[in-house]
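Heads up: the structure comes next, in structure tokens.
The values are calculated or read from the model by the stated rules, or taken from the named source; none is laboratory data. Fair warning: this is a prediction, and the values are worked out from it, not measured in the lab. Here the Cβ is made from the backbone with ideal geometry for all residues, glycine too, and neighbour counts use every protein chain on show. SASA here: full protein model, heavy atoms, side chains in, ligands and nucleic acids out. Shrake-Rupley method; radii C 1.70, N 1.55, O 1.52, S 1.80 Å.
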Amino acid sequence: MSYIHSIGEYFLMIKGVFGRMTKRSVLKELIFKEINELIIGSLGIVAFISFFIGGVVAIQTALNLNNPLIPKTLIAFAARQSIILEFAPTFISIIMAGKVGSFITSSIGSMRVTEQIDALEVMGINSLNYLIFPKIIAMLTYPFVIAISMFLGILGAYAAAVFGGFVGSDLFLEGLQDGFEGFHLVYAFIKTFIFAWILATIPAYHGYYMKGGALEVGHASTTSFVWTSVVLIITNYVVTQLLLS
């Protein structure tokens, strides 16, 4: 019953987020602040992980191509498919659940503990709209992060494969273009928009409705990461089944 209660509470929260709106000038400032903290602040770790994971994918593919009948272009093809279809949208989103999700939960949870949320309500401000709506809007720019992740992942694969001596530059570029389907990018970005919503709202729910003191803030952050990751994986399966089957 507690799970049903939590699901209902989550949807009531979403309804409240789009209820009484905060002043536009205030929201604009909050949105830019959230973009800086949630999106711009995450570019460094996303770029670092994407580049080197792309390189690892290329190296592992190259080392497993023992059959001389298999063309070397498969290295680039496998790296491209892995990065665009799963690594960039899904793996990076799980990492962001730990970084961005924990930040959202802890920041809202700290406001709950210090009674700042109660103070907002006393002043007649819709705290749900004030705290969560800017995060949702900021996360709509999340596909920009995934696009960078895709580019750097493929760049890392190119660097590892070509400079590692596994394949020539011309063969890598040939494999990169071989059998490319534009719908795979559409699929990846559809997933990304859904993941952005999950990354903004589930951690916010765990922060907004937490109870207790400072110790419980850390517990809420851990719980939010676990549930955000679970929902991301399930959503990934459902979207893949619907769009690619």
Consider residue 125 carefully, then state whether it is of a type outside the set (D, E, K, R), out of contact with any Phe, Trp or Tyr (no Cβ under 6 Å at 6 or more places or on another chain) and closer than 27 Å to residue 40 by Cα.
no
Where residue 178 falls short, out of the listed (1) surrounded by 14 or more Cβ atoms within 10 Å (Cβ to Cβ); (2) more than 24 Å from residue 2 (Cα to Cα); (3) not hydrophobic (A, V, I, L, M, F, W, C)
(1)
Contacts under 9 angstrom Cβ, first residue in segment 39-62 being of a type in the set (Phe, Trp, Tyr), partner surrounded by fewer than 20 Cβ atoms within 10 Å (Cβ to Cβ), 6 or more apart
51/155; 51/159
Here the qualifying pairs (Cβ atoms under 6 Å; residues six or more apart or on different chains; first in segment 1-17 and within 13 Å of residue 204 (Cβ to Cβ) and of a type in the set (Gly, Ala, Ser); second open to solvent by less than 80 Å² (accessible area, probe 1.4 Å) and assigned to a helix (DSSP H, G or I)) come out as 16/128
Those residues of segment 95-126 that are open to solvent by 70 Å² or more (accessible area, probe 1.4 Å) and either part of a loop (DSSP other than H, G, I, E, B) or aliphatic (A, V, I, L, M) (or both) come to a total of 4
Of the residues 173, 152, 185, 199, which is modelled with pLDDT of 90 or more and open to solvent by 70 Å² or more (accessible area, probe 1.4 Å)?
173
Residue in segment 143-186 that is nearest to residue 97 (Cα to Cα), counting only those that are without any contact (Cβ under 8 Å) to a residue 24 or more places away in the chain and part of a loop (DSSP other than H, G, I, E, B)
181
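Within segment 1-82, considering only helices (runs of 4 or more DSSP H) that don't extend past its boundaries, which have at least 3 residues that are surrounded by fewer than 18 Cβ atoms within 10 Å (Cβ to Cβ)? Outline the logic, then answer.
Details: elements: 2-17, 24-34, 43-63, 73-82.
In segment 1-82, the matching helices (runs of 4 or more DSSP H) lie at 2-17, 24-34, 43-63.
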Going through segment 198-245 in order, the residues found to be under 19 Å from residue 146 (Cα atoms) and either acidic (Asp, Glu) or touching a Leu at 6+ places or on another chain (Cβ under 9 Å) (or both) are 198, 199, 200, 228, 232, 240
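Just need a number here: residues in segment 206-245 that are in a helix (DSSP H, G or I), among the small types (Gly, Ala, Ser) and loosely packed, with under 13 Cβ neighbours inside 10 Å.
Quick first cut of segment 206-245, residues in a helix (DSSP H, G or I) only: 206-208, 214-244.
Still in the list and also among the small types (Gly, Ala, Ser): 207, 214, 218, 220-221, 224, 229.
This time we only want the ones that are loosely packed, with under 13 Cβ neighbours inside 10 Å, so: 214.
Looking only at that region, the number is 1.
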